[in-house]
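For reference, the structure is listed below as structure tokens.
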Amino acid sequence: MSFQKLFIVALLLIISGSATARDFSEKPEPIPPEYQAMVPKTPKGAVAWTTFEKVTMHYTLVKGSYEYEVEFAPEARALDGKTVKVMGYILPLEQGERIGRFLLSALPPHCPFCLPAGPARLIEVFAEDPVRYSAEPVLIEGSLKLL
């Protein structure tokens, strides 16, 4: 387990798929039991991924496309703008020996073309100092900005 001091700027919410309703809300599906063991243990003083899973996404059909609004639970809203620690897996968003922008995921990548986690289990990270990629979970610390 390695520790990197990073600047976390956004909880990345990636919305995909299609909907049939005009207006609707949904909560993230729980991580299936067969994948629970892949989620890294939350170290003392770090924020658990379950905190970010307490979110509701509201969709509205506007002029042929869906707009969405995210409603975070009070536990997550209380962390907005605060310095937090989160343990997860690096998914690079750029090439190179050292990376300055990546996704931190609750689950390890299993396919180079697929995101391993849902929208509430990904954090976009902008590192002040680029870091080396690691296939093992890393503990990061930085300022959290909820979008």
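The values are calculated or read from the model by the stated rules, or taken from the named source; none is laboratory data. Source: prediction; values computed, not measured. Don't worry about glycine lacking a Cβ; one is built from the backbone with ideal geometry, like all the others, and counts go over all protein chains shown. Accessible surface is based on the protein model in full, side chains and every heavy atom, while ligands, DNA and RNA are left aside. Shrake-Rupley method; radii C 1.70, N 1.55, O 1.52, S 1.80 Å.
Kindly check whether there is at least one residue in segment 25-42 that is modelled with pLDDT of 85 or more and within 20 Å of Ser143 (Cβ to Cβ). Taking every residue of segment 25-42 in turn, at least one turns out to be modelled with pLDDT of 85 or more and within 20 Å of Ser143 (Cβ to Cβ).
State yes or no: is Gly88 closer than 17 Å to Ala48 by Cα, touching a Phe, Trp or Tyr at 6+ places or on another chain (Cβ under 6 Å) and at pLDDT 90 or above? Criteria not met by Gly88.
Among the residues making up segment 51-85, those that are crowded, with 17+ Cβ neighbours inside 10 Å and under 27 Å from Pro109 (Cα atoms) are Thr51, Phe52, Glu53, Val55, Met57, Phe72, Ala76, Leu79, Val84, Lys85. Any residue at all in segment 105-128 that's open to solvent by less than 20 Å² (accessible area, probe 1.4 Å), farther than 26 Å from Glu29 by Cβ and touching a Pro at 6+ places or on another chain (Cβ under 9 Å)? Checked segment 105-128: no residue is open to solvent by less than 20 Å² (accessible area, probe 1.4 Å), farther than 26 Å from Glu29 by Cβ and touching a Pro at 6+ places or on another chain (Cβ under 9 Å).
Of the set (1) at pLDDT below 50; (2) on the phi < 0 side of the Ramachandran plot, all apply to Gly17 but (2).
Taken together, the residues in segment 27-50 that are more than 18 Å from Leu144 (Cα to Cα) and either in contact with a Ser or Thr (Cβ under 6 Å, 6 or more places away or on another chain) or assigned to a helix (DSSP H, G or I) (or both) amount to 5. Checking every residue in segment 86-102 against the condition of being open to solvent by 70 Å² or more (accessible area, probe 1.4 Å), touching a residue at least 60 places away in the same chain (Cβ under 8 Å) and more than 24 Å from Lys27 (Cβ to Cβ) gives zero matches.
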